[in-house]
1. Is it the case that Tyr159 is surrounded by fewer than 21 Cβ atoms within 10 Å (Cβ to Cβ), aromatic (Phe, Trp, Tyr) and out of contact with any Asp or Glu (no Cβ under 6 Å at 6 or more places or on another chain)?
2. Does Thr327 satisfy the criteria of being hydroxyl-bearing (Ser, Thr, Tyr) and within 18 Å of Gln199 (Cα to Cα)?
3. Please give the number of the condition Ser355 fails out of (1) away from the ligand (no atom under 12 Å from the Cβ); (2) surrounded by fewer than 17 Cβ atoms within 10 Å (Cβ to Cβ).
4. Give Ser124, Ser155, Ser136 a once-over and let me know the one that is within 12 Å of the ligand (Cβ to nearest atom), modelled with pLDDT of 95 or more, among the hydroxyl-bearing types (Ser, Thr, Tyr) and over 18 Å from the mean Cα position of the chain (by Cα).
5. Having 3 or more residues that are among the aliphatic types (A, V, I, L, M) and under 20 Å from Gly65 (Cβ atoms) is the bar; report the helices (runs of 4 or more DSSP H) wholly within region 96-176 that clear it.
6. Which one of these does Lys91 not meet: (1) surrounded by fewer than 20 Cβ atoms within 10 Å (Cβ to Cβ); (2) within 25 Å of Ala253 (Cβ to Cβ)?
Amino acid sequence: SKGTYEFYMLKEIDEQPGVMRHISQDYLDENGKPVVEQDIVDAVADSDRIYILAAGTSYHAGLVGKNLFEKFSDIPVEVGLASEFGYHFPKLSKKPFFIFLSQSGETADSRVVLKQVNERHLPSLTITNVQGSTLSREATYTMLLKAGPEIAVASTKAYTAQIAVQAVLAKAVGEKKNVADAKEFDLKHQLALVAEGMQQLVDGKEKVDELAKKYLAKTRNAFYIGRGVDYAVALEGALKLKEVSYIETEGFAAAELKHGTIALIEKGTPVITLINDPATADLTRGNIREVESRGASVITMVAKQFANENDDIVLPEVDYYLSPLVTIVPAQLLAYYASKNKGLDVDKPRNLAKSVTVE
Ligand code: M6R
């Protein structure tokens, strides 16, 4: 039940620190070693390429997952939109392994791909929130998200759970393969930092409400920009905002704006800028100046180590590879308040269903 919450979306955003602790407890032992079915670890470790297939928010979680698997498992990853992949398979590697990300486990677009994977007798894993769901039953293996039921149409805690579970699997596979980056990465400690950081961010939700009131109450459109993993989060932040507030929002790689889209920046156009990537933090600051000089209203969400007193949201310091877990929280809150402040039905945006069972 919603309890004292007006909408499930906010309840589910607030539940995320608990979901992170739950995943850490269930999927990591007291020494921080991943607890994952050995057959799954062996099958992924044996592959020469991972193909991650999903739709919507789960696709965005896959884009983050690519970074985790390449870093910690040392296996190349291709991320695909299930709806495109299903009818246009790329040339596969010699030993592919397929991962399906799906909160509901019922998405028709993903089922089409899995059907073909099975016809080719290739190994697969479904990472889902719903035990016994179709994608779980039809894949070779299943890992559960353990996020608890997600009711709001806009996915929030399933996204962060998908990233955390992928991190567990990436570390398990990397340890098996003796990858130094996996062995050295203290995922248990990092997930504890993430849970703490998420808690700080949800506790600071009034500040996000103020930003929504100031910048998003009247605007027709908005942009999210970031680089590296922040680009992946920019796509998800934009989807969240547009689906619940109906503000036309696009996510961009920060440097791409100047290759065309900057033409859309007018006085007051909100540009939400994400900065966690040490390699490009200064460059993204440069992109902020470019849009500000064209009149944009910039909202910054910046990791503590790069933040200054003018930044709107200071993100707690966590490992760069896990930073999407904290960065997305204020983005989810911004979408929530933009929608609620317009008097919309936050949990049931128009034209949308919780699970999309048609192609
Ligand atoms: O249940 P799934 O994770 O397979 O669903 C995929 C998408 O339909 C879903 O993420 C959708 O994009 C949400 N409305 C996003 O908030």
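The values are calculated or read from the model by the stated rules, or taken from the named source; none is laboratory data. Fair warning: this is a prediction, and the values are worked out from it, not measured in the lab. As a convention, Cβ positions derive from the backbone with ideal geometry for all residues, glycine included, and neighbour counts pool all protein chains shown.
1. So Tyr159 fails the test.
2. Judged against the criteria, Thr327 is a match.
3. For Ser355, the exception is condition (1).
4. Of Ser124, Ser155, Ser136, the one residue that is within 12 Å of the ligand (Cβ to nearest atom), modelled with pLDDT of 95 or more, among the hydroxyl-bearing types (Ser, Thr, Tyr) and over 18 Å from the mean Cα position of the chain (by Cα) is Ser136.
5. 108-119, 157-176
6. That leaves (2) as the condition not met.
Per-residue answers, yes or no, for (1) modelled with pLDDT under 95; (2) surrounded by 24 or more Cβ atoms within 10 Å (Cβ to Cβ); (3) away from the ligand (no atom under 13 Å from the Cβ):
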{"site": "Tyr51", "(1), (2), (3)": "no, yes, yes"}
{"site": "Thr57", "(1), (2), (3)": "no, no, no"}
{"site": "His60", "(1), (2), (3)": "no, yes, no"}
{"site": "Leu68", "(1), (2), (3)": "no, yes, yes"}
{"site": "Glu78", "(1), (2), (3)": "no, no, yes"}
{"site": "Leu101", "(1), (2), (3)": "no, yes, no"}
{"site": "Glu106", "(1), (2), (3)": "no, no, no"}
{"site": "Asp109", "(1), (2), (3)": "no, no, no"}
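This table checks each residue for (1) surrounded by fewer than 21 Cβ atoms within 10 Å (Cβ to Cβ); (2) free of Cβ contacts under 8 Å to residues at least 24 places away in the same chain; (3) touching a strand residue (DSSP E or B) at 6+ places or on another chain (Cβ under 7 Å); (4) at positive phi.
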site	(1), (2), (3), (4)
Glu309	yes, yes, no, no
Asp319	yes, no, no, no
Pro330	no, no, yes, no
Ala338	no, no, no, no
Leu344	yes, no, no, no
